[in-house]
1. Give me the percent relative contact order of chain B, please, defined on Cα pairs under 8 angstrom at least 6 residues apart.
2. Indicate the gyration tensor shape class of the protein assembly as shown (rounded, prolate or oblate), computed on the Cα atoms with a ≥ b ≥ c the square roots of the eigenvalues: a/c under 1.5 is rounded; otherwise a/b larger than b/c is prolate and the rest oblate.
3. Got a sec? Which residues in region B:223-255 would a label at residue B:154 touch, if it sits 7 Å along Cα→Cβ and we count backbone N under 14 Å?
4. Calculate, for residue A:279 and residue A:9, the FRET efficiency according to 1/(1 + (r/R0)^6) with r their C-beta to C-beta distance and R0 56 Å; round to the nearest 0.05.
5. For region A:18-69, what class follows from the C-alpha gyration tensor (a ≥ b ≥ c being the square roots of its eigenvalues): rounded when a/c is under 1.5, otherwise prolate if a/b is larger than b/c, else oblate?
6. Rounding to the nearest 10 and keeping the result within 0 to 90°, find how far the Cα-based axis of helix A:95-105 lies from the longest principal axis of chain A.
7. Is the shape of region A:1-116 rounded, prolate or oblate, going by the alpha carbon gyration tensor and its root eigenvalues a ≥ b ≥ c, with a/c under 1.5 for rounded and a/b larger than b/c for prolate?
8. What FRET efficiency comes out for the pair residue A:165/residue B:17, r = Cβ-Cβ distance, R0 = 35 Å, nearest 0.05?
C-alpha cells in the first residue's frame, strides 16, 4: 500500500453541461492534513462528495486508503468520516441519541456505541447539552456534534467540508483546537475552506482550487512567498514629515500613499516590525496608527490567476 | 485514538436488519418528540370524527346502517391515507438536510432510512385508528365484527398504510421541497378519499364520478373495512382491496429504493 491515504488522478466531473472538475490530481500523505482552498463554486464540495462515495466521478482514479471509491465504495465508507457544510445530525434527537445511533449504524454494538458516545460528548464538550434535542444547539455546538458523529468509528481518514463556515470567531477557534486534536491522533484529514488563514493555521499542505483546476499546491510558506508576505501599514501623523519617515524606513518594496499619509512595508516577522517602529521613534516621527495586513484569499487568487475571486452560481 | 477501526466486513442480512431496527427506532422517537405531529395523530381524528358525525350525520341517508356506523370505515381510511403523507414529509426533510449524506456515507444499508419512516407511519396510523374507534364508541358506533374480523380489518389497514406510505416515500424522494410535498400530497389524497364511499353512499353522484368512486382502490378498502365492521355485504371488496394494496407495495418498494440510491442530493 502506498503512503498516501488519499490519491486522486485525472478526476473530472460535470453536472449536466457544467464542468465542475477538470482533471484534478492530488495526494495526501498518511497522517497529514491537506487544505483544499478555493472560493464558492471552485469544486471543493464536489471533490469531497466524490471522495466520500456520495457522487460518482466521470473519469479518473480516486482511491481512499487504497480502496477505489467506485468499485470498493463499502470499504471506503468503512474507513472515512465526513463532516459536511450542513450539520448532518437528526435535529429531533438529542446529542447523545444521535451519537449512539451513528455507533449502531457502524455496527459497533449497543454497549460500545453507548460508551463511544460518552467519550465523544466529553471530548467535544457537549456533556451538559447531551440530553437536549440537537435543534436547540447553537451553530458551534451543532458543528461539534456533527464532527463527533463522523468520528464515532475512529476513521483513519476524515473529510471536513468547510467546518467553520458561518461560525462566529469564538466557535471557529474552538473548532480549530478540535481539529488540531484530531491531527495529533494520527488521522489523515482533507479540509476544505474559503479562508487562507484557516488553511495556514491548520494544514501541512495547501492546494488551491479554482474553476475545477488545482492552480497551486505547496506548504503555506511556499504559497505565501508566491503571494508576498505580511505587510505593515503605517499612517504618519500630521505633525511629522512624511518624507522623513520614508527616509528612515528600509526602502525595499516600499509603498506610499501621499494623500492618506500611508506607508506600507513588507513585514516577515516581529523583528521587521519592531525595527521599523524603533527607527521611526528614534527619528521622532509620530505614527498615528499601524496595522498588519496578511495576504487574503483574494490576493492569493489575484496573484495566482491574475483575476479577482468571482462568486459563482454553479454547484460548489 | 488509534487510526484503526473494528467494523464488521460486508453487509449481511443481520446488519441490514439491525440498520432497519436502528432507523425504525429513530422514526418512532420522532413521533414522540415532534409535538406538532402528535397533535395531528390524536386530535385531528377526534375532530373529524365528531364533525362528520354531528354535522353530516343528520343529512345523509345511509340506508340500513346508522351514519356513525357507515362513517367509521370511511374516516379511518381517510385518516390513514392522510397520515401516510408524514412519510413524504419525513423523507423530503431528510433529503433537504445534510443527514442523508451522513447515512449514505456510512457502511450501512442506507435504504433502511425509508423502512424506518414507513414503519413509524404504520405505528402512527394504528394510534390514530385506535383513538377514532374509541371516540366512535362514545358517539354511538356499534360494530358487529368478531375478533377474527377485527384482525382482518387490522390486516387490510396495515396493507393499505404500507401501500400509501411507500407511494408517499416516492413522492418525498421526487419532491423539490417540503412545501411541495404538502400541497401535492393534499391534492392527490383529497379527491381520492372524497370521491369514494367514505362519507356518503355513491348512489347520488353523477354517472362518471360514480363509476370512478365505486371502482377506485380507496373505495374498495373502505367497503371491505365497513363490511367487516358493521356487516354490510363484503362481496368482492375484500380481495380486490388486498390485490390493490399488495400490487402497489410490489411496485412502490423497489422504485422507492431505486430512487433513493440514485438521488443526487443538492
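1. On the way: 311 pairs, mean separation 71.0, N = 266.
The normalised contact order for chain B reaches 27 percent.
2. Details: a/c = 2.89, a/b = 2.44, b/c = 1.18.
Prolate, since a/c reaches 1.5 and a/b exceeds b/c.
3. none
4. Details: r = 53 Å, r/R0 = 0.94.
Calculated transfer efficiency: 0.60.
5. Working: a/c = 1.88, a/b = 1.19, b/c = 1.59.
Oblate, because a/c is 1.5 or more while a/b does not exceed b/c.
6. Roughly 60 degrees, rounded to the nearest 10.
7. Numbers: a/c = 2.19, a/b = 1.60, b/c = 1.37.
Here region A:1-116 falls in the prolate category.
8. Numbers: r = 38 Å, r/R0 = 1.09.
Calculated transfer efficiency: 0.35.
Since every read-out is calculated from the coordinates, none of them should be taken as a lab result. The structure presented is a predicted model; accordingly, all values stated were derived computationally and were not measured. Here Cβ is always computed from backbone atoms with ideal geometry, including for glycine, and neighbour counts include all displayed protein chains.
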